[in-house]
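Readers should treat all values here as calculations from the given coordinates under stated rules, not as data from a laboratory. All figures in this text were calculated on a predicted structure; none of them were measured in a lab. Positions of Cβ are generated from backbone atoms using ideal geometry, with glycine treated the same way; all protein chains shown enter the neighbour counts.
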Amino acid sequence: MVASSIAIEEISKELIQTRDLGVTEEGERLVELQIGPTHPGSGHMRIRVWVDGDIIVRCDPDIGFVFRTIEKLSENRIYMKTIPLVERPSLLDTTPMTIGYINALEKLMGIEPPPRAKYLRTMLAELTRIASHLYGVGILSIFLGHSTGFMWGFGDRELFVELANQLSGARITYAYVVPGGVRRDMPQSFPDDVEKALRYMERRLKDWYKIFLNNPVIEDRLREVGVLRKNDAVKLGITGPNLRASGVDFDVRVADPYEAYDELDFMVPVAEEGDAYARTLVRFEEIKQSINIIRDALKKMPSGDIIHPQIARMFNPLMKKIYEETRRVKFPGIFASLKPPKGEATARVEAGRGEALFHIVSDGSPRPYRFRWTTPSYRNVILFKYMIPGHRLADLPAIYGSLDYFPPEADR
Amino acid sequence: MASQQPQASQQRLALGKALEELATRLSEHLKGVATKVEADKRSMVINIEVDRSRILEAAKILSSLGFDHVKSLTGVDYPDKGVIELMVHIGSYSRGLRRIMAILRSKLDRKDPRAPTLTQIWPSSELQEREAWEMFGIVFEGHPDLRRLLLPEEFEGLWPGRKDFEIPTRKAGEVEEPWK
Amino acid sequence: MMLPIVMLLKEILGFNDTIYRTVVGLGYMIIYPGLLLVVVIAALMLWAERKIVALVQLRYGPLWVSRRIGGALQGFADLIRFSFQEVIIPRRSDVIPFLLSPGLAILFSMLPLAFIPISPSIHPPVYSDLALLVVIAIISLAPIFIVIMGWASDNKFAFVGSLREALLIVSYEIPLIISIISMAVIYRSLDFYEIVERQYMLPGMILNPFAFIASFIAVLRTTSRFPFEISEAESEIVAGPYTEYSGLMFGLSMGLAYIKLYVYTLILSLVFLGGWLPLQGGEGILLGFLAPSLVVIIKLSLLSLVAVFLRAIYGRYRLDQAVRLGWIYVLGLSIVSLIWSLALVYGGWVRWE
């Protein structure tokens, strides 16, 4: 009895040690690697790859580690309280998310913000877009081992985060956009500070090209890696700079303009190759275009109210005084009991990573009946399943970084 | 800036008219398949209501007209009417149609919500159908890989997206896994 | 060549030549220029790397530990911290290779120091006139222990890391050996003393630049400097073969790269940069031993600083790209350097009496 149980233990120990090199359904001897949530190169998600030698044969993205149920939470909260919820997942370009939600809400309510508010929203959205692209390039750099790109990305981004701090009072989560306008006006010194920052960024872009984009090692790692063909990108519903690097010039700011974008002058960068290098190039070009948009917006900034007159009518005298003296909106009681009429509304915006969709179903009560929200990273997850097989294991971080995929944004 | 206002509203009127025209043309293509096609000028969408048995047909027609990807696929739960409405936002990357979206709606029986999978027509709906299944319990017939996407294993048999899902709250002194 | 103080030591230790030689040899290997100097220079090189890279990246680098000298003692602080951390041994790992391989890797990396002279006046503990060949042979054994490290930890990422290391060893050791041998062809000697002496007109770098470039790139690969930091690529395989090590074992593994950098750059500075020239050996411990050794250490540090600075510039190569680079370009360069050396010698341009 004892001898046979020891023998069983020995055999099972042997089996456990060889458990990984079994034969899977493809008939190959594959090694399954879990690039899991505590891996330095995975972010908040788990990527299961099956590797044959050095080639990835199958890839299964396992998302949902940071699922915060924002859609369900909003069903129990008044409309105003969803604004901070909506900006938390997409922590880097928060403003386009709030703009989208408030656009859908304003369509339900049937009001439109005054022109100055539209320009302020646009300017903040472009500042956060630059910050988001710098973050994306920084993450790509550290995945490739290029620590200088990482530190420069975060260092340069600090400038724009500080500017947003000046404008809205918070560094990353602003809650700046409210139904009917914006919450604060820009300070007096703001245009000069912005101009200084933009000039600094233009100088830095030249350094970036020298050390990162024209670096032979980086070019070797990114060229011809993760090629996404045009019809695949369209079929899979990919969005954002990933789509534009594959030859489709779709940008929501041009196709379906919102806020002040139809009055501003900018171009949409498009590349043809569809590889990781093209995606990175498109992001750098978008930074340049965002610089142009911010300059244009500052030049064309109209004067006037920053909150819709219908809402301003509901200010009590103290709020009116504060608004006139410091141009800050103190929320009137209407915001707490905001009851938009029964109906549905859809809005979409171009966030830093692509197109975000907002759909609100209202039944006339102060809480939304259903809030549906799709983020660009959520639509890009499918690339893990279809684009990665066939590449080498070391290409996985390169492709992941070039997609600028942000797990909390995908999980919402 | 003031001079741009009438220009903008004129533009909007023209857009609204174009949207209505597009909606009438779409309803011609979808004759007999869709029960209702109407334009929503505020959101620049065209709502297309179909019966459950005609979802695939309508999807094929829309795909051939140029709508090439799914932006969002989800359900809306109406427990008092006994239906779960499947709501699919479809868009297009082609030049003419990229300005609008179409919303394909279909009412499914709440006690046994089943719908045909749209992955054969629009591969972009693969992961979104998984999420709709795990949130509402809508079984997509023919889906290649219907399993949970965002929720952990403890949510077997629970459909959190539905209105009758009791959101677990923790009382003082309670420990982990209150949904068991 | 014996110094008077050394003769005094011999008098004191008396009759037994072996005891004398043992004591001097131990001092050489353990204190200067052996273990202690290696640890000091490795720790300083660690600090220099972090500081230089930080200055390029718009930040301060190590600053907290010894503020007044710019944080230079950071390496020693890290070493002390590692010594007090718990060493965790995974249950299913192969315990004896797991524990022994970092130490053995360091052993084989530092053993060549017994053969390499650092000044013209004192002989190394083992004097041989085939020293160059012996040193290259011994130090080529060290990477094998890295492969063992990865296999002995029961971890898939460590396994992948040691596979990468194994592939890269084969691709880059061969060019290194060929380049060094081509220098030996020019100098017509494998003895370090003669090699350094014969650079009195031109350093080896200029006599055979191809060999210098090929061997420098091969050294970058062996010490895992960027762009060849492939076997320990952090964002792909956590820490490669070193993943499961913690505490002092991890400190040893991380220090291994800098120790190898020291030894390789020592060899390179003797063979290519002229060693202790322009100082000739003299009488007395100061002129005869310390000053020439300081010249060697300065040249070695210059090479190390260049190697270490590349972290700020390059990313990481992919495995197959690095292997292709090794087999096509670096091997080709080393073969060209061999042909060049042969042409120089048999064409009559280089002649030694």
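A few remarks follow.
- Result for chain C in a Gaussian network model with C-alpha springs under 10 Å: among C:Gly150, C:Gly27, C:Gly326, the largest mean-square fluctuation is at C:Gly27.
- When peptides A:41-49, A:333-341, B:161-169 are sorted by average Cβ neighbour count within 10 Å, with the highest value leading, the order is A:41-49, A:333-341, B:161-169.
- Cβ crowding within 10 Å averaged over residues, with A:147-160, A:309-322 ranked highest first: A:147-160, A:309-322
- For A:Lys339, the aspartates and glutamates whose Cα falls under 18 Å of its own Cα, not counting residues fewer than eight places away in the same chain, are A:Glu75, A:Glu106, A:Glu112, A:Asp363.
- As a proxy for reagent exposure, A:Trp50, C:Trp151 were ordered by neighbouring Cβ count within 10 angstrom, fewest first; the result is A:Trp50, C:Trp151.
- For B:Ser72, the amide hydrogen comes within under 5 Å of the amide hydrogens of B:His89, counting only partners 5 or more places away or on other chains and with H modelled in the peptide plane.
- Relative contact order (%) - chain A, alpha-carbon pairs under 8 angstrom, separation at least six: 25 percent
- Most mobile listed residue (B:Glu49, B:Glu131, B:Glu21) in chain B, GNM with C-alpha springs under 10 Å: B:Glu21
- For chain A, hydrophobic long helices are taken as DSSP H runs at least 18 Å long by C-alpha position along their axis with mean Kyte-Doolittle hydropathy of -0.5 or more; these are A:2-17, A:94-109, A:115-143, A:147-168, A:276-300.
- Averaged over the residues of A:375-381, the number of partner chain Cβ atoms lying within 10 Å of the residue Cβ comes to 2.
- Legend: mean number of C-beta atoms from other chains within 10 angstrom of residue C-beta atoms, peptide B:63-72, equals 4.
- Gyration tensor verdict on region B:66-153 (Cα atoms; rounded if a/c is under 1.5, prolate if a/b is larger than b/c, oblate otherwise): oblate
- C:Tyr60-C:Leu35 FRET efficiency (beta carbon distance; Förster radius 35 Å; 0.05 resolution): 0.65
- Here the Karplus curve 6.51 cos²θ - 1.76 cosθ + 1.60, taken at θ = phi - 60°, turns the phi angles of region B:41-49 into couplings of 6, 5, 9, 6, 10, 10, 8, 10, 9 Hz, with x standing for Gly and Pro.
- Rounded to the nearest 10 degrees, the inclination of helix B:4-29 to the longest alpha-carbon principal axis of chain B is 70 degrees.
- Converting phi to 3J(HN,Hα) with the Karplus coefficients 6.51, -1.76 and 1.60 and the offset θ = phi - 60°, region B:82-90 yields x, 10, 10, 8, 7, 10, 10, 8, 10 Hz in sequence order, with x at every glycine or proline.
- Residue of C:Ile174, C:Ile118, C:Ile96 that the Gaussian network model of chain C assigns the largest fluctuation, springs spanning Cα pairs under 10 Å: C:Ile96
- Exposure proxy ranking, count of Cβ atoms within 10 Å, fewest first, for B:Arg12, C:Arg316: B:Arg12, C:Arg316
- Global geometry of chain C, whether rounded, prolate or oblate, following the gyration tensor of its Cα atoms and the 1.5 cut on a/c: oblate
- Peptide A:394-407 shows a mean partner chain C-beta count of 2 within 10 Å per residue C-beta.
- Violating pairs (Cα-Cα greater than 23 angstrom) within the set A:Lys288/B:Lys41; A:Lys72/B:Lys171; A:Lys235/B:Lys31; A:Lys118/A:Lys342; A:Lys330/B:Lys163; A:Lys196/A:Lys300: A:Lys288/B:Lys41; A:Lys235/B:Lys31; A:Lys118/A:Lys342; A:Lys330/B:Lys163
- Residue order for B:His89, A:His146, fewest other beta carbons within 10 angstrom first, comes to B:His89, A:His146.
- Chain A, helix-only ellipticity at 222 nm - DSSP H runs n ≥ 4, -39,500 (n - 2.57), divided by all residues, nearest 500: -14500 deg cm²/dmol
- Prolate/oblate/rounded call for the protein assembly as shown, Cα gyration tensor, a/c under 1.5 rounded: prolate
- Per-residue [θ]222 nm for chain C (sum of -39500 (n - 2.57) over DSSP H runs n ≥ 4, rounded to 500): -20000 deg cm²/dmol
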